[in-house]
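Computed from the coordinates by the stated procedures, all read-outs in this text should not be read as laboratory data. In this text the structure is predicted, and so the values were computed from the model without any measurement. Don't worry about glycine lacking a Cβ; one is built from the backbone with ideal geometry, like all the others, and counts go over all protein chains shown.
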Amino acid sequence: MGCSAGQGQRNAVLQPVTNEADSAQSRARGAQRAEKKLKITSAAPLGALARLVEPPPLSSAFHRGRREALRQLLPAHGVAVLFAAPPRLLAADVDYPFHQDPDFYYLTGLREPGAVLLLFADPQPSPAAGGPPITEQLYVRSRDALDEQWNGGRLGPEGAARTLGFGRVLPAADFVRRPPDLTRFARVCFLPLLPGEEGRDTPADSTELTDLHRAFRRAASIPADFNGPREQTYARFRAWGEARPERLVRWLNRFISANPALITDPHLRAWAGETNAKKRAAVLQHVPPPGRPDVFSLENALDELREIKQPEELALLRYAIDATVVGHREALRALAPDKSEADLDGIQQHVFRHYHTRADGYWPIVGAGANGCVLHYIDNNRPQLGAELVVMDVAAAYAGYTADVTRTAPADGAFSAEQCMIYELVLRAQEAGIRECRAGRDFFAPNLAAQKIIGEGLVKLGLISSADSVRRYFPHGTSHYLGLDVHDRGSYGPLRPGAVITVEPGIYIPPHSPCDPKWWGIGCRIEDDILITEQDPENLSVGVPRTSAEIEQLIAEPSGLDGWLK
């Protein structure tokens with residue numbers, strides 16, 4: 001069918017998109033689809049899901065290799081200090097499920113809180129007489145029978161050394177009581193904690209992040225007035241101010257929005273106020289030199305390393321994406337006007353669990369009609385979908401690596417004329433963006449290509465008068481890196497083989513937008529996960545249909561879940 005065929009089934013007078021549960025037409029169509037599907041539900045059981053082969057978990061050798069790669073990028077006579085994530089409180093004495101800091105997991109493989117990792121740029125003398133030099137040191141919580149009875153097992157120092165492959169592991173309590181002297185290093189490289197990131201502070205537990213971080217500040221003699229955001233800005237001035245000013249501008253625009261106090265910094269204001277390259281270079285000469293506390297080198301090195309996925313990582317990411325593909329296909333098969341947002345969310349969650357994956361890379365987004373115009377809508381509680389477009393931004397994560405896939409589809413099985421025009425415009429923009437996903441192209445090239453097509457298309461549809469106003473209905477970027485984080489680390493420079501990025505243009509027209517009401521309540525986003533290679537880009541999530549005809553065809557297929565959801 002596709003959009004053109006779907007339009008032919010509509011009345012000649014186009015109906016505006018509304019937020020009503022459904023129309024008589026969509027109810028009739030939904031009843032016909034439900035009757036057809038219920039007759040063959042037994043022939044399409046949920047157990048017929050595709051068979052996927054789980055890849056092996058990351059080995060201790062992988063994590064050891066990543067530590068050594070990072071160590072080679074540290075400044076001379078430097079030490080890197082990294083902390084495990086803290087437990088986070090949900091309510092009263094109930095924690096959220098523990099989620100390890102991705103950087104810490106990438107380097108250690110440890111999935112416990114209360115730990116500290118030290119990496120030395122230069123081998124250090126062994127604390128044991130006659131022992132070999134050491135390049136790393138790990139602190140973990142000691143075993144605790146009572147805590148483990150309530151909250152699960154701990155490795156302890158001996159278990160961590162044996163399981164994770166560390167030569168030197170000490171109790172985390174030692175880091176608090178007798179922290180190492182970090183003032184003997186020329187650079188102490190760390191990731192500054194933001195307010196509220198230290199988690200809870202329980203007096204009875206001396207290995208919580210609050211205590212570990214306080215001990216670190218003492219061990220490194222971090223001044224009480226140390227301003228992490230300011231030092232991050234100065235470091236990037238020094239690194240990028242002359243060599244990559246365009247990257248500095250992009251970074252500053254993002255960073256200042258999260259740290260508005262920096263706007264008054266005299267060096268930043270002076271640099272931003274100049275457009276002449278020589279005068280900007282002169283401003284950089286007055287930026288204060290770096291001290292021992294270094295909040296740039298570690299982050300910059302991790303960006304470089306985590307951007308390029310190793311083969312073991314790609315195997316895990318492919319598996320998460322494959323499970324996500326099946327989840328989206330099953331949700332599309334079950335799509336009908338009488339289904340709810342929660343139904344579609346639940347279908348995908350069920351599929352993910354079937355493959356031993358979880359949707360914990362980000363909160364699932366299932367938004368119908370106006371809800372689909374909210375970029376990070378997570379309520380997923382509309383009781384009936386009606387004839388609306390439904391945005392499904394839902395993905396599985398496996399062994400820490402998360403997919404990120406979005407599809408938009410008509411709940412009643414056929415695109416209306418307005419829905420079709422918006423959908424086809426977004427699809428053309430995505431295809432243009434994917435074509436730009438080639439090694440050597442600028443990271444932002446896919447965004448520029450997609451934005452150009454959407455801007456020109458919205459002008460032709462009469463939604464905006466100038467392409468310069470495209471951000472009214474396309475307010476976000478097109479791409480981000482993907483991996484252990486849904487918005488993963490990366491350099492945001494030229495695209496490199498081995499990187500995985502998303503391409504996700506969208507158009508969102510909330511009710512009461514300054515346009516013809518027939519467009520109100522239409523939200524549309526199409527997102528795929530793209531592997532950068534030496535040749536053509538590889539769409540890792542290509543198994544979920546993208547064209548309107550393919551989507552309508554899949555919606556019409558029977559779903560083994562129809563009878564179950566009645």
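By the count of other C-beta atoms within 10 Å, a proxy for reagent exposure, TYR105, TYR398 are ordered fewest to most as TYR105, TYR398.
Under 13 Å of direct C-alpha separation, and excluding same-chain neighbours fewer than eight residues apart, LYS279 reaches these aspartates and glutamates: GLU242. Modelled spin-label separation between HIS356 and GLN553, with each label point placed 7 Å from Cα along the Cα-to-Cβ direction: 3.4 nm. Starting from the Kirkwood Rh over alpha-carbon pairs, what translational D in µm² s⁻¹ does region 228-289 have by Stokes-Einstein at 10 °C and 1.306 mPa s? It comes out at roughly 138 µm²/s. Might you report the magnitude of the Cβ-based charge dipole of region 340-384 about its Cα centre, with Lys and Arg at +1 and Asp and Glu at -1, to the nearest 20 debye? Value, rounded to 20: 100 debye. Taking each residue as 0.36 nm, the span from ARG254 to ASP181 lengthens on full extension beyond its C-alpha to C-alpha distance by 22.8 nm. Per-residue Cβ neighbour counts within 10 Å put TYR492, TYR508 in the sequence TYR492, TYR508, beginning with the fewest. Note on the chain: Cα-Cα pairs beyond 41 Å make up 32% of the total pair count.
As a proxy for reagent exposure, ranking THR406, THR502 by other Cβ atoms within 10 Å from fewest up yields THR406, THR502. Cross-link partners for LYS460 among the aspartates and glutamates, with Cα-Cα distance under 20 Å and sequence neighbours closer than 8 places in the same chain left out: GLU418, GLU424, GLU431, ASP468, ASP516. Sorting 50-58, 233-241 by their mean Cβ neighbour count within 10 Å, with the most densely packed peptide first, gives 233-241, 50-58.
Residue-normalised convex hull volume from the C-alpha trace of region 307-367: 89 Å³ per residue. Which angle between 0 and 90 degrees, to the nearest 10, do you get for helix 60-71 versus the longest principal axis of the chain when only C-alpha atoms count? Helix 60-71 sits roughly 70 degrees off the main axis of the chain. Against the chain, whose longest principal axis comes from its Cα atoms, helix 24-39 is set at around 80 degrees. Neighbours of ASP442, meaning other residues whose beta-carbon lies under 11 angstrom from its beta-carbon, give a summed charge of +2 when Lys and Arg score +1 and Asp and Glu score -1. Taking the 0 to 90 degree range and rounding to the nearest ten, how far is the long axis of helix 209-219 tilted relative to the main principal axis of the chain, both from C-alpha atoms? It works out to around 40 degrees.
Of all beta bridges that DSSP places with both ends in the chain, some 80 percent have antiparallel geometry.
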